[in-house]
Amino acid sequence: MSAPILHPDGLHRCPWPGQNDALYIAYHDNEWGVPEYDDRALYEKLVLDGFQAGLSWITILRKRDNFRRAFDGFAPEKIARYDARKKAKLMQDAGIVRNRLKIEGAVLSARAYLELMEKGPGFAALLWDFVDGKPKLNNFRGMKQVPAETALSRAMSNELSARGFKFVGPTIVYAFMQ
């Protein structure tokens, strides 16, 4: 990637979170690139990455607490049962991204998640199987080298789509994998 930037706290960080946004810096330090093995936490992240499509990640990060409130803590068993009334209520919630297709996608993805948890290997197990259970480390020298998608993100995207997940295109999945 690009050369790390020295921050006022004396730490070197990637350039993308900037130096002035404490929320973005905390995300960089504590979440980005940190392996996650919890099924439900991975579901939340995938849904949020779907909502991020066309927007900046910081926009979603700033709304994450609102999303958690609006989407019942990202409990798939609750989201899978959302009816037209609940979806309409979400469309009126200014604290989240109000996109009808993305809201419907979150509901369909919750149903796919529950099916995978009941009859499949589990969500985390399915995802981690794509990388043999180990984080994949890249050695990009600059931002221009970072692809929008990879063969691996395309394969994962195809598997998730085939299982009924929505807003899981290869570019979204590549961001999710990070």
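The values are calculated or read from the model by the stated rules, or taken from the named source; none is laboratory data. In this text the structure is predicted, and so the values were computed from the model without any measurement. Glycine also receives a Cβ, built like all others from the backbone with ideal geometry; neighbour counts cover every protein chain displayed. Areas reflect the complete protein model, heavy atoms only, side chains present, ligands, DNA and RNA absent. Shrake-Rupley method; radii C 1.70, N 1.55, O 1.52, S 1.80 Å.
Here the helices (runs of 4 or more DSSP H) wholly within segment 33-87 that include at least 2 residues being among the polar types (S, T, N, Q) are 57-70.
Is it the case that segment 100-121 has a residue that's outside any helix (DSSP H, G or I) and surrounded by 14 or more Cβ atoms within 10 Å (Cβ to Cβ)? No.
Applying the set (1) closer than 27 Å to LEU116 by Cα; (2) modelled with pLDDT of 95 or more to VAL34 leaves exactly one unmet item: (2). When restricted to residues that are open to solvent by 60 Å² or more (accessible area, probe 1.4 Å), farther than 21 Å from ASP39 by Cα and either assigned to a loop (DSSP other than H, G, I, E, B) or of a type outside the set (Lys, Arg) (or both), segment 141-170 contains 6.
Pairing each residue of segment 146-162 that is under 18 Å from TYR113 (Cα atoms) with any residue that is of a type in the set (S, T, N, Q) and surrounded by fewer than 13 Cβ atoms within 10 Å (Cβ to Cβ), provided the two are 6+ apart or on different chains, yields no C-beta distance under 6 Å.
Within segment 8-32, residues that are part of a loop (DSSP other than H, G, I, E, B) reach partners that are hydroxyl-bearing (Ser, Thr, Tyr) with beta carbons closer than 8 Å, at six or more positions or on different chains, in the pairs CYS14/SER2; PRO15/SER2; PRO17/TYR24; PRO17/TYR27; GLY18/TYR24. Exactly one residue out of PHE67, PHE74 is aromatic (Phe, Trp, Tyr) and more than 24 Å from PHE130 (Cβ to Cβ): that is PHE67.
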